[in-house]
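The values are calculated or read from the model by the stated rules, or taken from the named source; none is laboratory data. As the structure is a computational prediction, the values presented were derived from the model and not from experiment. Quick reminder, even Gly has a Cβ in these numbers, built from the backbone with ideal geometry, and neighbours come from all protein chains shown.
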Amino acid sequence: MKTELFISWRYLLTKRKEKFISLISLTSILGVAIGVMALIIVIAVMTGFDKDLRDKIIGNYSHITIVGYDGIDSSEYAGIVDKISSHPHVKGMSPYIQGQVLAKEEKKYFAVGLRGIDPEQEVTKIRQYLVAGAIDNLGADGIVIGKELAQYLGRGLDSQVQIYSPQGKLHKMRVAGIFNSGMYDYDMNLVFTHLKSAQQILGLGDRISAIAVKLDNLYLADKVKAELSSALSFNYVLKTWMEANQNFFAALKLEKLAMFIILTLVILVASFNIVSTLVVMVVEKTKDIGILKTIGMTSASIRKIFTLQGLLIGSIGTFLGVLGGLILCALLKKYQFIKLPQDIYYIDRLPVSIQLWPDIILIILAAMFIVLISTIYPAAKAAQLKPVESLRYE
């Protein structure tokens, strides 16, 4: 193998009379490098979007939600807490109420989701999202609204918002805080109030809608859900954050896979340059192949020489592509020189997240596999040359 690798390296680097062969070799390397670099940058950006959106979604919802078919009363809540609080991965629980109400602005009515929470036990990231006010002083008439809804209604801190309950009763609420989660749907369609106020508005008495459970590792949600389900009765439904948003995450995963396939075609196109390079190389080195076979080199060794040469071209191109992709991703992440319109995307920069596994490793493996396939035909043709035919006209 050392002999074949040495000859392949010499064929790749030795100065040739035919400058055209050197040009297409360089083109092959650059083609693979550009394809790999583009693939790394796009996948890193899409992974960044996925991570950013996941963080924002999880910030508004719990890792696991426990829902009762007929709601959960105070005695049931205490029993559930006793059963699951000892679980090693459960780090917090909070009761909440979810319902629909109408917000009134002059003669217009706007449907919003009303969530009643206990500020002292709340496990979501609503505190981190606050841009004004606080949730600790909600009181009986306090309400926390999203930034988008505040702009739509033209409301600020301590201003009044009129809320109509499902029973048609008017409740005048005071804006105690404004939050900005970065997700338009949440910031426009979700408001928070105290648990007791929500119970009164929605007419639920002392019952709650569900219990939010916070874990020490959100990716253990499926495992912990199964364990908690066995500890509780069949009167409750448990749902993880992944199940609650499975359609959204499935769409992101499909889009990432589609972009991977599309940009892999760039590497596939570049591999045709490698085929061309090797075919021309075989023609140029016909005499050399004849001499090598005459002195005893086998057809398998000839095949290895041109296969290794193609792999060397692909390896150099892949290395340059990975290096260039990582450098550009690092620059994008640090300097954020590509800006996005925040009123459309609700982020002002391209989010970049580089994952060695599976993203970078799979890109390298895909590139090298395509390169390997592209060497099969030229290497096979070189191995089929007969010494006599190779030297007849020399």
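When you scan the stretch 352-367, do you find a residue that is part of a helix (DSSP H, G or I), at pLDDT below 80 and in the same structural domain as residue 261 (by TED's automatic domain parsing), even just one?
At the first step, the residues of the stretch 352-367 found to be part of a helix (DSSP H, G or I) are 356-367.
From what's left, at pLDDT below 80: none.
No, the stretch 352-367 contains no residue that is part of a helix (DSSP H, G or I), at pLDDT below 80 and in the same structural domain as residue 261 (by TED's automatic domain parsing).
Please enumerate the residues belonging to the stretch 312-344 that are of a type in the set (A, V, I, L, M, F, W, C) and either closer than 22 Å to residue 370 by Cβ or surrounded by 16 or more Cβ atoms within 10 Å (Cβ to Cβ) (or both).
312, 313, 316, 319, 320, 322, 323, 326, 328, 329, 332
Looking at the structure I just gave you, is residue 181 part of a loop (DSSP other than H, G, I, E, B) and within 18 Å of residue 123 (Cα to Cα)? Lay out the reasoning, then the answer.
On the way: part of a loop (DSSP other than H, G, I, E, B): yes; within 18 Å of residue 123 (Cα to Cα): yes.
Taking the combined requirement at face value, the residue satisfies it.
Which of the residues belonging to the stretch 167-203 are in contact with a Gly (Cβ under 7 Å, 6 or more places away or on another chain) and either closer than 21 Å to residue 69 by Cα or of a type in the set (Phe, Trp, Tyr) (or both)?
Within the stretch 167-203, 179, 186, 195, 198, 199, 202 meet the criteria.
Between a residue in the stretch 117-128 that is within 15 Å of residue 177 (Cβ to Cβ) and any residue that is surrounded by fewer than 14 Cβ atoms within 10 Å (Cβ to Cβ), which pairs come within a Cβ distance under 8 Å, given they are 6 or more apart or on different chains?
Here the result reads 119/136, each pair linking the stretch 117-128 to a residue that is surrounded by fewer than 14 Cβ atoms within 10 Å (Cβ to Cβ).
Can you say whether residue 30 is part of a helix (DSSP H, G or I) and either in contact (Cβ under 8 Å) with a residue 40 or more places away in the chain or crowded, with 18+ Cβ neighbours inside 10 Å (or both), as far as the supplied structure shows?
So residue 30 fits the description; yes.
Within the stretch 273-300, work out how many residues are surrounded by fewer than 17 Cβ atoms within 10 Å (Cβ to Cβ) and more than 17 Å from residue 12 (Cα to Cα).
Result for the stretch 273-300: 7.
I'm trying to understand the selection: among the residues of the stretch 231-269, which are more than 24 Å from residue 42 (Cβ to Cβ) and touching a residue at least 24 places away in the same chain (Cβ under 8 Å)?
Matches in the stretch 231-269: 231, 232, 235, 236, 237, 238, 239, 240, 241, 244.
Name the single residue, out of those in the stretch 229-240 being farther than 8 Å from residue 65 by Cβ and of a type in the set (A, V, I, L, M, F, W, C), that is surrounded by the fewest Cβ atoms within 10 Å (Cβ to Cβ).
234
Can you find, within the stretch 251-289, the residue that is nearest to residue 372 (Cα to Cα) among those that are at pLDDT 85 or above and among the small types (Gly, Ala, Ser)?
Residue satisfying both the conditions and the ranking: 271.
Among the residues in the stretch 117-137, are any part of a strand (DSSP E or B) and small (Gly, Ala, Ser)? Spell out the reasoning first.
Restricting attention to the stretch 117-137, the residues satisfying the condition of being part of a strand (DSSP E or B) are 117, 130-133.
From what's left, small (Gly, Ala, Ser): 132-133.
Scanning the stretch 117-137, I find at least one residue that is part of a strand (DSSP E or B) and small (Gly, Ala, Ser), so the answer is yes.
Just one of (1) over 23 Å from residue 255 (Cα atoms); (2) at pLDDT 85 or above; (3) of a type in the set (D, E, K, R) trips up residue 51, so point out which.
With respect to (1) over 23 Å from residue 255 (Cα atoms); (2) at pLDDT 85 or above; (3) of a type in the set (D, E, K, R), residue 51 is out only on (1).
Can you tell me how many residues within the stretch 150-178 are part of a loop (DSSP other than H, G, I, E, B) and of a type in the set (A, V, I, L, M, F, W, C)?
From the stretch 150-178, those part of a loop (DSSP other than H, G, I, E, B) are 154-159, 165-169; that's our starting set.
Add one more test, that the residue is of a type in the set (A, V, I, L, M, F, W, C), and what stays is 157.
Selection size over the stretch 150-178: 1.
So, residue 52, is that one farther than 22 Å from residue 190 by Cβ, assigned to a helix (DSSP H, G or I) and charged (D, E, K, R) or not?
Values: farther than 22 Å from residue 190 by Cβ: no; assigned to a helix (DSSP H, G or I): yes; charged (D, E, K, R): yes.
No: the conditions fail for residue 52.
Would the stretch 119-137 turn up any residue that is of a type in the set (A, V, I, L, M), within 28 Å of residue 206 (Cβ to Cβ) and over 33 Å from the mean Cα position of the chain (by Cα)?
no
Looking only at the stretch 54-67, decide whether some residue is at pLDDT 85 or above and surrounded by fewer than 20 Cβ atoms within 10 Å (Cβ to Cβ).
Looking through the stretch 54-67, at least one residue is at pLDDT 85 or above and surrounded by fewer than 20 Cβ atoms within 10 Å (Cβ to Cβ).
Scan the stretch 286-304 and give yes if some residue there is in contact (Cβ under 8 Å) with a residue 60 or more places away in the chain, in a helix (DSSP H, G or I), among the β-branched types (Val, Ile, Thr) and closer than 30 Å to residue 48 by Cβ, otherwise no.
No, there is no match, as no residue in the stretch 286-304 is in contact (Cβ under 8 Å) with a residue 60 or more places away in the chain, in a helix (DSSP H, G or I), among the β-branched types (Val, Ile, Thr) and closer than 30 Å to residue 48 by Cβ.
Somewhere in the stretch 85-94, is a residue surrounded by fewer than 16 Cβ atoms within 10 Å (Cβ to Cβ) and assigned to a helix (DSSP H, G or I)?
Among the residues of the stretch 85-94, not one is surrounded by fewer than 16 Cβ atoms within 10 Å (Cβ to Cβ) and assigned to a helix (DSSP H, G or I), which makes the answer no.
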